[in-house]
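Since the structure comes first, as structure tokens, the remarks are kept for the end.
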Amino acid sequence: MKIESKLIHSGDRKKPGDYIPVTTPIHMSSSYFYDSMEQLDHVLGRQEPGQSYSRYDNPTSNALEELVTDLENGFGAVACASGMSAMHLAVLSALIDRPKRILAADVLYGATTNMLLNVFAALGIESTFVDICDLPAIERAVAEFKPGTMIMETVSNPMMRVGEMDKIAAIGKRAGVTLIVDNTFSTPLLIRPLELGAAISVHSATKYMAGHGDVLGGVVIADAEHFDCIKIISRNIGPVMGPFESYLTMRGIKTMGLRMERHCSNASKVASWLATHPQVERVHFTGDPAHPDAATIRRVFPANLYGAMVSFEIRDAGRDEIFRFMDGLKMIVRATSLGDVHTMMLYPSMSSHREISPKHRERMGIRDNLVRLSTGIEAAEDIIADLAQALD
Ligand SMILES: Cc1ncc(COP(=O)(O)O)c(C=O)c1O
């Protein structure tokens, strides 16, 4: 070969030898070839497993997909470029052969609500919203509205309400309606939606799964009935996660068990402390024995792993006081996300729920004095000390 061709081909495209890397490498290749055209033909036709093109499959992303499928006892998974692309893929797949109507929890992550109201509505897909903790209302809405799918979050964001997922899934099943659950807040360690009757579980992997604030990603995990459809739609619309992000997410998941234990125990300590502070009007935390859904939480969550998200309302505070309070934080990071190793605080009416109208926010219970804390894995004493000095 001439040097111009050597630049392109020398050293590349070696078959792995007779060894197995101890951790899945980052496969940064957009396409793959085989010794024979016949084999490539079989792989492209999905008659035999293999890699052909990274929008369809990628070895690193496939490893992550196998991991999350195993964690939630699903049939298969697709790793996506963000939590929202995962939710988009899940909803499209659930509705493809069903009535184009969505019954959704009335409190959801802001972008999910926006997707339903501003994107799907414009495409003729109608959504109606229901209190996820009101089973008779859900039953009525399923009978009257006849949705194609239902959407809920394991723990609603940011009010921390917990619906009875197994009973909601059963209501849906009786009417042939699938349930999609956004399980981001709880992780597979706390809740596995498919075991409770949901058809599809979605995560923003950006959060606890990756866990270190360096990945944007999502996963869709599905049962046997829905996985093939999800995979086919994914191949066609291409919302997939890149191999580097898949690698980082897999790496993050390895310590998710240890992290969640610390996240949850820190959250318990912080929430208990906040509840005693004179400036704090109300605390919303799933570990609170007086939580309105405590009976459901004790029934479906493992003991002492009730989540690590804590919202609280500051007495007599408006936007100016909240800004002063948050500007006063020294260690806690003021940023939009959750589930990272560092503690983060967000102001829902300014960020996660910014694009929701003030009226709709009020109906969701999101007042201007509400802040949301994602409790990290630092020493609990330092988190509390930072909150104390900023509140002072
Ligand atoms: C509960 C929940 N679901 C979905 C998402 C969307 O995830 P992403 O930002 O990875 O698209 C978020 C993001 O904050 C979230 O909090």
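Exactly one condition in (1) touching a Gly at 6+ places or on another chain (Cβ under 7 Å); (2) assigned to a loop (DSSP other than H, G, I, E, B) is false for Ala267; which is it?
Just one mismatch for Ala267, condition (2).
Here are Thr60, Thr69: which of them is closer than 15 Å to Asp223 by Cα, at pLDDT 95 or above and among the β-branched types (Val, Ile, Thr)? Working first, answer last.
On the way: Thr60 fails: closer than 15 Å to Asp223 by Cα.
Matching residue, one of Thr60, Thr69: Thr69.
For residues that are open to solvent by 70 Å² or more (accessible area, probe 1.4 Å) and touching a strand residue (DSSP E or B) at 6+ places or on another chain (Cβ under 9 Å), scanning just region 10-48, find the one that is farthest from Pro59 (Cα to Cα).
That would be Leu44.
How many residues, within region 23-57, are farther than 25 Å from Leu216 by Cα and either part of a loop (DSSP other than H, G, I, E, B) or touching a residue at least 40 places away in the same chain (Cβ under 8 Å) (or both)? Don't jump to the end; show me each part of the working.
Going through region 23-57, the residues farther than 25 Å from Leu216 by Cα turn out to be 32-50.
Pick out the ones that are also either part of a loop (DSSP other than H, G, I, E, B) or touching a residue at least 40 places away in the same chain (Cβ under 8 Å) (or both) and you get 32-36, 45-50.
Residues flagged as farther than 25 Å from Leu216 by Cα and either part of a loop (DSSP other than H, G, I, E, B) or touching a residue at least 40 places away in the same chain (Cβ under 8 Å) (or both) within region 23-57 amount to 11.
Which residues, taken from region 250-289, are over 30 Å from Thr60 (Cα atoms) and hydroxyl-bearing (Ser, Thr, Tyr)?
Ser265, Ser268, Ser272, Thr276, Thr286
On the basis of being among the hydrophobic types (A, V, I, L, M, F, W, C) and away from the ligand (no atom under 16 Å from the Cβ), does Ile125 make the cut? Even if it seems obvious, please write down each step before you answer.
Values: among the hydrophobic types (A, V, I, L, M, F, W, C): yes; away from the ligand (no atom under 16 Å from the Cβ): yes.
Spelling it out, Ile125 is indeed among the hydrophobic types (A, V, I, L, M, F, W, C) and away from the ligand (no atom under 16 Å from the Cβ).
Hey, which of the strands (runs of 3 or more DSSP E) in region 302-381, taking only ones fully inside, have at least 3 residues that are away from the ligand (no atom under 14 Å from the Cβ)? Spell out how you get there, then give the answer.
Working: elements: 309-314, 344-346, 370-374.
Per the criteria, 309-314.
Looking at region 96-107, which of its residues are assigned to a loop (DSSP other than H, G, I, E, B), of a type outside the set (Asp, Glu) and either away from the ligand (no atom under 11 Å from the Cβ) or touching a strand residue (DSSP E or B) at 6+ places or on another chain (Cβ under 6 Å) (or both)?
Ile96, Arg98, Pro99, Lys100
For Glu66, work out the one condition from (1) surrounded by fewer than 20 Cβ atoms within 10 Å (Cβ to Cβ); (2) within 16 Å of the ligand (Cβ to nearest atom) it doesn't fulfil.
For Glu66, the exception is condition (2).
Out of region 206-222, which residues are within 7 Å of the ligand (Cβ to nearest atom), buried (at least 24 other Cβ atoms within 10 Å of the Cβ) and in a loop (DSSP other than H, G, I, E, B)?
Step one: of region 206-222, the residues within 7 Å of the ligand (Cβ to nearest atom) are 206-207, 216-218.
Keeping just the survivors that are buried (at least 24 other Cβ atoms within 10 Å of the Cβ) gives 206, 217-218.
If the condition is that a residue be within 7 Å of the ligand (Cβ to nearest atom), buried (at least 24 other Cβ atoms within 10 Å of the Cβ) and in a loop (DSSP other than H, G, I, E, B), then Thr206, Gly217 are the ones that fit.
Among what's in region 175-184 and is under 12 Å from the mean Cα position of the chain (by Cα) and over 14 Å from Val300 (Cα atoms), pick the residue that is surrounded by the most Cβ atoms within 10 Å (Cβ to Cβ).
Initial filter on region 175-184 (under 12 Å from the mean Cα position of the chain (by Cα)): 180-184.
Narrowing the set further to residues that are over 14 Å from Val300 (Cα atoms) leaves 180-182, 184.
Numbers: Ile180: 27, Val181: 30, Asp182: 28, Thr184: 28.
Among them, the one singled out is Val181.
Right, Ala295: outside any helix (DSSP H, G or I) and within 19 Å of Ile132 (Cα to Cα) or not?
Working: outside any helix (DSSP H, G or I): no; within 19 Å of Ile132 (Cα to Cα): yes.
When the stated conditions are applied, Ala295 does not pass them.
Which is more than 16 Å from the ligand (Cβ to nearest atom) and closer than 25 Å to Pro302 by Cα, of Gly163, Gly197?
The match here is Gly197.
Tell me, please, whether a residue that is of a type in the set (D, E, K, R), without any contact (Cβ under 8 Å) to a residue 24 or more places away in the chain and more than 16 Å from the ligand (Cβ to nearest atom) can be found in region 246-262. Before the answer, list the steps.
First, pick out the residues of region 246-262 that are of a type in the set (D, E, K, R): 251, 254, 259, 261-262.
Still in the list and also without any contact (Cβ under 8 Å) to a residue 24 or more places away in the chain: 254.
Filter again for more than 16 Å from the ligand (Cβ to nearest atom), leaving 254.
Scanning region 246-262 turns up at least one residue that is of a type in the set (D, E, K, R), without any contact (Cβ under 8 Å) to a residue 24 or more places away in the chain and more than 16 Å from the ligand (Cβ to nearest atom).
So that you can scan it fast, the table gives a plain yes or no per residue for (1) farther than 30 Å from Ser30 by Cβ; (2) open to solvent by 20 Å² or more (accessible area, probe 1.4 Å); (3) aliphatic (A, V, I, L, M); (4) touching a Leu at 6+ places or on another chain (Cβ under 7 Å):
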| site | (1), (2), (3), (4) |
| --- | --- |
| Ile237 | no, yes, yes, no |
| Arg259 | yes, no, no, no |
| Cys264 | yes, no, no, yes |
| His277 | yes, yes, no, yes |
| Glu281 | yes, yes, no, no |
| Gly287 | yes, no, no, no |
| Ile314 | yes, no, yes, no |
| Lys330 | yes, yes, no, no |
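The values are calculated or read from the model by the stated rules, or taken from the named source; none is laboratory data. Note that this is a predicted model, so its numbers are computed, not measured. We place every Cβ from the backbone using ideal geometry, glycine too, and count neighbours over all the protein chains shown. All accessible areas refer to the heavy atoms of the entire protein, side chains included, with ligands and DNA or RNA removed. Shrake-Rupley method; radii C 1.70, N 1.55, O 1.52, S 1.80 Å.
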